[in-house]
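The values are calculated or read from the model by the stated rules, or taken from the named source; none is laboratory data. These numbers come from a predicted model, not from an experiment. Using ideal geometry, Cβ is built from the backbone for each residue, glycine included, and neighbour counts are taken over all protein chains shown.
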Amino acid sequence: MVSFLLILLFIFSAVACHTIARRQGGKGIFWGVMGAVFGPLAIPFALLFSRRSGTPTRSQRS
């Protein structure tokens, strides 16, 4: 039962990291893998991730 919950947690983390990165204009696949490997620890890094180019993200475009 515990292993099942851990697997679900890591899958959720992968999806969350992928979604966050795509919304910020980053590489969703890369962050999805990071979420799958590192689990919930990768989510704060995906949130802090910002695109380095001068193109504004969706949230910056009004």
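Values as computed for the structure displayed
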item	result
Matching residues in the stretch 1-46 - criterion: being outside any helix (DSSP H, G or I) and among the aliphatic types (A, V, I, L, M)	MET1
Inter-residue pairs, beta-carbon under 7 Å, first of a type outside the set (Val, Ile, Thr) and in the stretch 34-48, second surrounded by fewer than 15 Cβ atoms within 10 Å (Cβ to Cβ) and modelled with pLDDT of 95 or more, 6+ apart	GLY39/LEU9; PRO40/LEU9
Exclusive hit being of a type in the set (Val, Ile, Thr), surrounded by 15 or more Cβ atoms within 10 Å (Cβ to Cβ) and modelled with pLDDT of 95 or more, set VAL37, VAL33	VAL33
